[in-house]
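What follows is a short report on a single structure.
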Amino acid sequence: MARTKVGLVGASGETGASILNGLLEDGSFEIIALVRPSSMSRPSNVALKDSGIELRALDLDNDSQDKIVAALEGIEILLSAVGAPGQLSQLPLATAAKTAGVKRFVPCGYVTVIPPGGVHILRDQKEEVYNLTRRLNLPYTFIDCGWWYQISFPKLPSGKIDYAVMVDNPICGKGDVPSALTDLRDVGRYVAKVIRDERTLNKMVLVYDEVWTQKEVWDLLEKVAGEKVERKYVSQEELEGRLGEYKKAAEADPTDFMKMLHVVETQYLLSWGVRGDNTPEYAKYLGYITSKELYPDFKPLKLEDFARELVAGEAKEIYVEMKAMMKAAFEKQQQQQ
Ligand SMILES: NC(=O)c1ccc[n+]([C@@H]2O[C@H](COP(=O)([O-])OP(=O)(O)OC[C@H]3O[C@@H](n4cnc5c(N)ncnc54)[C@H](OP(=O)(O)O)[C@@H]3O)[C@@H](O)[C@H]2O)c1
């Protein structure tokens, strides 16, 4: 049987790599990675090419509409896992997908459950893409995945897990708000199922592995590591105060992504840590179907197993290339000063 042609934007990124692995594991897809010309030489993209995956050049920020349409030729399902700053660059992609006759567009979701309309800037940018998709009458699936296991843990006093913990998370409020969590490695395995499922056409889907409160996650880490973890609490009022300051700083310098990142991070804490948006129940209220309803036989990776990998020094570090690029850029800047 002919394999379904799937185009993937962002295959070199964290979510994109998980999706790529999920599609490869599934085996029923012919994958075309749509890659920025400036990134063709990135080690992850070179590795894709070497493994036999077709790479097509696509620059969402600079290519003409005709060029984007041409890059999508023959693609039946179009997936985007463009990084956080690139959400609005998907607007021309949606329009081109309609012209190119794409049968299902899956723009970049892959965040927690958040209602649109002022709670989170990233969610609102995604909503712009979703709304254009609907205006175009382009068949779609919007997929969110809860919060990754990989960024759910605080650091340990011993420094044992510093190699893989990117952010030393605080505990929001009393830490008793439940939140849907997913191992990043499962995201792609879910996506492979969702995109060939007729039940998910023109639907929003929440895929998730397990639901935990922050207090439970901290208790789990202490149990697995045999170390007491310092609990740094942050109240709703403190978070709201910080958000106001971060917003002002970001507005004063809209081109500085790091300033915007503080806004993004704080809005996440308020959404999943305080408001309690990121639950399957709220997702269903917002109109999502969940992976538990769709795929009851799916065997999710367990948070406890991930905690053991983390403590054993066996977890995969995330954003390695990005961190190396940022370090090199910082060093270059220092040399020039
Ligand atoms: N649920 C969670 O816990 C969680 C955690 C982190 C992120 N996320 C979300 O997941 C989504 C994907 O983010 P990520 O962090 O996985 O991505 P990422 O690792 O930053 O990778 C971004 C990818 O997008 C590509 N890209 C960026 N701008 C592009 C453009 N203008 N045209 C074409 N390609 C472009 C990059 O390609 P190059 O090779 O050209 O650089 C790269 O492959 C975002 O919505 C993010 O907010 C969710």
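Would you call VAL69 over 23 Å from the mean Cα position of the chain (by Cα) and not small (Gly, Ala, Ser)?
yes
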Kindly indicate whether any position in the range 72-94 is more than 25 Å from GLU128 (Cβ to Cβ) and touching a helix residue (DSSP H, G or I) at 6+ places or on another chain (Cβ under 8 Å). yes
Contact list please: Cβ distance under 8 Å, first residue in the range 1-22 and part of a helix (DSSP H, G or I), second residue of a type in the set (Asp, Glu) and modelled with pLDDT of 95 or more, pairs at least six apart or on different chains. SER18/ASP186
Under 20 Å from ALA312 (Cβ atoms), of a type outside the set (Asp, Glu), within 15 Å of the ligand (Cβ to nearest atom) and touching a helix residue (DSSP H, G or I) at 6+ places or on another chain (Cβ under 6 Å) - does that describe any residue in the range 173-180? no
For the range 117-132 the number of residues that are part of a loop (DSSP other than H, G, I, E, B), within 18 Å of MET260 (Cβ to Cβ) and more than 15 Å from the chain's Cα centre (by Cα) is 2
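The values are calculated or read from the model by the stated rules, or taken from the named source; none is laboratory data. Keep in mind that what you see is a predicted model, and the values were worked out from it rather than measured. We place every Cβ from the backbone using ideal geometry, glycine too, and count neighbours over all the protein chains shown.
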